[in-house]
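Undergrad: My structure is below; once you've seen it, I'll send some questions.
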Amino acid sequence: MASLPLTNSEIKPPIAKKRPHTLTMHGDTRIDNYYWLREKTNPEVIQYLHDENEYTQNILQHTEQFQKQLYDEMLGRIKETDLSVPEKIDEYYYYSRTEKGKQYSIYCRKQGTLDADEEVILDVNELAKGYEYLKLGVAEISPNHKLLAYSIDTDGSESYTLYIKDSVSNQLIGTPISDTYYSVEWGNDNKTVFYTKLDETKRPYKAYRHILGSDPAEDTLLHQETDPGFFVWLYKTRSNKFVMMSCENITMSEVRYVNADNPEEELRLFQPRQPDIEYTLDHHEDTFYIVTNENAKNFKLMATPVTTPEKSHWKEVIPHRPEIKLEGIDIFREHMVIYERRSGLKNLRVRNLRTDDIHDVEFSEPAYNIIPSDNPEYKTDILRFQYTSFITPMSVFDYNMNTRERELKKQTEVLGGYEPDQYASERFFAAARDGTQIPVSMVYKKGMKQHGNNPTVLYGYGAYGISQDVNFSSNRLSLLDRGFIIAIAHIRGGGEMGRQWYEDGKFLKKKNTFNDFIDCAQHLFENNYTSPDKTVIYGGSAGGMLIGAVLNMRPDICRGAVANVPFVDVLTTMLDPSIPLTVIEYDEWGNPNEKEYYDYIKSYSPYDNVTGQEYPHILALAGLNDPRVQYWEPAKWTAKLRDTKTDGNLLLLKTDMGAGHGGASGRYDYLKDLALEYAFILEVAGK
């Protein structure tokens, strides 16, 4: 394969015009030459993005055949016509399936038995006709199984239009409701629908009650969240007794609820919000269960009678344990499933609510991930969960909580002769500069030699307390089979090692995240897994901020970087409350209207710290309609890098002009985008 045309003088990059814009805060004046790229309706901005796309296409033109090869490889491993494991709800079996050549899933059901005739309740391919992009938000069947509430987003902005239709006749009922978000729940009367609506910053801030067939303009407003830092979410207990409305930010929550049998009633407040206290609520018979971090950094479980939910009646069920994080519970009629995290790995425990007997569900691989399925049935002894690892494809298990027997219902089929025993995974700890031990998960093809010359992709995120658990990807085989190591640095700011792990990577400790990533890379070098010249670093969204910060701090630790929808213009964004998520994220990064946080954010914000030095090859990816990380962040960052950096290495920006934060919505389009990323990675790493 030909190498990248690193200094091809015949292909000129677009140069963004400098239009100085003065920004002043706390007596500090910054000049932003590319602030104008925020003007989405400006034809000059759109033309600039098109020019960058054309430049990227021209630079990578010689890889088009290779991209096609990669696409065919990845597609060839996927069973294009496939079926999910049916999920029983009352007398129906619900499932989704895919068909070869179609971008989206088809949602179906059968009544009574799996041998019954199939009934298609929603074909997303039909909904997508005429749209370049379509994302299904929710699809909620009514308790009597006669109605379906579903929502779609047609431009990637994450603003969904809600529809209700008769699931038998397929006829739409009433007027669609625009600007809704992901949460929609049914009352048990089969005519009441609860939903949330967005404000101008794309924040779900209102909860409504809609009566089937009525004018949405007359819907009852149940709650309006006036604090701009809070989201409103809806969920229903597995017992189907209550519809819950949670108002929450990053560090605080508050739950209201209504009896689903009497959905016309007013919402009742469970416990008022308190600073730095989070809680979630679930239900079992005459008891509410509360997972909370009140006086319990890693969370504890409390219980209280439904009739007397006041805090004075709360009793402890699972105490706080400093070494174990309680991540959540699932409640069935006779069992409680407890999700914990120990030493960075997920653990699943089952408690019999009649006998109080408790047991663990064991897993043997060094790094793995367990994901609860929806488990809509309340009166069941079967827990369905998904299990995966770097090596094990996604596997659906039914676990009998009484007999402790585990039945594999389906494992994602990998076509083309995938043999798991040809690959190996490891999990080890790398020492950070302050002595903290950072978990690293790694996968590679067996036979890998520690000679320091293995091409490597090092991935990181480290934000919001979100844990980056491992998973299987058949697409990743295109790298592994070419000798790559894939590694995840579980850096501070994530949640892998408990709540303190998160708190040690946020606010005025955010630089721990970047230092941890650099130190994990150094560990790989020192132990001869790879070398800087063979390493590509990768991160998306807040992980893209990580990549941008690391490139400024230590551009020498890699040969290339992929920054996917990167949050790189941190300071300017966090000073603009009109941008979606800004106010909410004061609890993550700090409020730069306070000088201490302003100075600290400015000291690491990737865009503000671009300097005249050599940078590795960089591929930046953006979505024009992205409401989470606005397109202009990678656009401004790319423009400033191109003007400032001193090397001749590649700097590419690719903006999806019809998508948002998650990229292309169709499964085939997604593979085409991934093939381009892989082609870049493979060539940069010299493979």
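The values are calculated or read from the model by the stated rules, or taken from the named source; none is laboratory data. Just so you know, these numbers come straight off a predicted model, no measurement behind them. Counting neighbours? That spans all protein chains shown, and the Cβs are built from the backbone with ideal geometry, glycine included.
Undergrad: Being β-branched (Val, Ile, Thr), surrounded by fewer than 21 Cβ atoms within 10 Å (Cβ to Cβ) and at pLDDT below 95 is true for just one of 113, 175, 161, 201. Which residue is that? Full working, then the answer.
TA: Numbers: 113 fails: at pLDDT below 95; 175 fails: at pLDDT below 95; 161 fails: at pLDDT below 95.
Checking each option against the conditions leaves just 201.
Undergrad: What tally of residues in the stretch 94-110 results from selecting those that are assigned to a strand (DSSP E or B) and either among the small types (Gly, Ala, Ser) or loosely packed, with under 14 Cβ neighbours inside 10 Å (or both)?
TA: If we filter the stretch 94-110 for residues that are assigned to a strand (DSSP E or B), which is where we start, we get 94-98, 106-110.
When the remaining residues are screened for being either among the small types (Gly, Ala, Ser) or loosely packed, with under 14 Cβ neighbours inside 10 Å (or both), the result is 96.
Total satisfying the criteria: 1.
Undergrad: Tally the residues that are closer than 30 Å to residue 358 by Cα and outside any strand (DSSP E or B), restricting the search to the stretch 393-440.
TA: 7
Undergrad: So the check is Cβ under 9 Å with 6+ separation or different chains; which pairs have a first residue in the stretch 233-254 that's assigned by TED's automatic domain parsing to the domain that holds residue 583 and a second one that's among the small types (Gly, Ala, Ser)?
TA: none
Undergrad: Could you list all residues from the stretch 611-628 that are without any contact (Cβ under 8 Å) to a residue 40 or more places away in the chain and buried (at least 21 other Cβ atoms within 10 Å of the Cβ)? Break it down into steps so the answer makes sense when it comes.
TA: Going residue by residue through the stretch 611-628, those that are without any contact (Cβ under 8 Å) to a residue 40 or more places away in the chain are 612.
Those that are without any contact (Cβ under 8 Å) to a residue 40 or more places away in the chain and buried (at least 21 other Cβ atoms within 10 Å of the Cβ): none in the stretch 611-628.
Undergrad: Oh, and also: Consider residue 193 carefully, then state whether it is out of contact with any strand residue (DSSP E or B) (no Cβ under 7 Å at 6 or more places or on another chain), in the same structural domain as residue 225 (by TED's automatic domain parsing) and either over 25 Å from residue 585 (Cα atoms) or in a strand (DSSP E or B) (or both). Talk me through it step by step, then tell me what you get.
TA: Details: out of contact with any strand residue (DSSP E or B) (no Cβ under 7 Å at 6 or more places or on another chain): no; in the same structural domain as residue 225 (by TED's automatic domain parsing): yes; either over 25 Å from residue 585 (Cα atoms) or in a strand (DSSP E or B) (or both): yes.
For residue 193, the condition - out of contact with any strand residue (DSSP E or B) (no Cβ under 7 Å at 6 or more places or on another chain), in the same structural domain as residue 225 (by TED's automatic domain parsing) and either over 25 Å from residue 585 (Cα atoms) or in a strand (DSSP E or B) (or both) - is not met.
Undergrad: Another question about this same structure. So, in the stretch 303-355, how many residues would count as being surrounded by fewer than 16 Cβ atoms within 10 Å (Cβ to Cβ), part of a strand (DSSP E or B), under 26 Å from the mean Cα position of the chain (by Cα) and touching a residue at least 40 places away in the same chain (Cβ under 8 Å)?
TA: Here the count works out to 1.
Undergrad: Just give me the residues in the stretch 22-43 being surrounded by 12 or more Cβ atoms within 10 Å (Cβ to Cβ) and part of a helix (DSSP H, G or I), in sequence order.
TA: 35, 36, 37, 38
Undergrad: Show the residue pairs meeting these rules: Cβ distance below 7 Å; 6+ apart or different chains; first residue within the stretch 147-159 and part of a strand (DSSP E or B); second residue modelled with pLDDT under 95.
TA: Cβ pairs passing all conditions: 147/167; 148/167.
Undergrad: From the list 623, 662, pick out the single residue that is at pLDDT below 95 and within 26 Å of residue 585 (Cα to Cα).
TA: Working: 623 fails: at pLDDT below 95.
Just a single option satisfies the conditions, and that option is 662.
Undergrad: Hey, another quick one. Within the stretch 462-481, can one find any residue that is without any contact (Cβ under 8 Å) to a residue 60 or more places away in the chain and in a strand (DSSP E or B)?
TA: No, because not a single residue in the stretch 462-481 is without any contact (Cβ under 8 Å) to a residue 60 or more places away in the chain and in a strand (DSSP E or B).
Undergrad: Right, another one. Taking the stretch 450-509, which residues are touching a Ser or Thr at 6+ places or on another chain (Cβ under 7 Å) and more than 22 Å from residue 523 (Cα to Cα)?
TA: 471, 472, listed by residue number.
Undergrad: Which of the residues that make up the stretch 289-301 are of a type in the set (A, V, I, L, M), over 15 Å from residue 255 (Cα atoms) and either touching a helix residue (DSSP H, G or I) at 6+ places or on another chain (Cβ under 6 Å) or in a strand (DSSP E or B) (or both)?
TA: Here is the first cut: in the stretch 289-301, the residues of a type in the set (A, V, I, L, M) are 290-291, 296, 301.
This time we only want the ones that are over 15 Å from residue 255 (Cα atoms), so: 296, 301.
The one that is of a type in the set (A, V, I, L, M), over 15 Å from residue 255 (Cα atoms) and either touching a helix residue (DSSP H, G or I) at 6+ places or on another chain (Cβ under 6 Å) or in a strand (DSSP E or B) (or both): 301.
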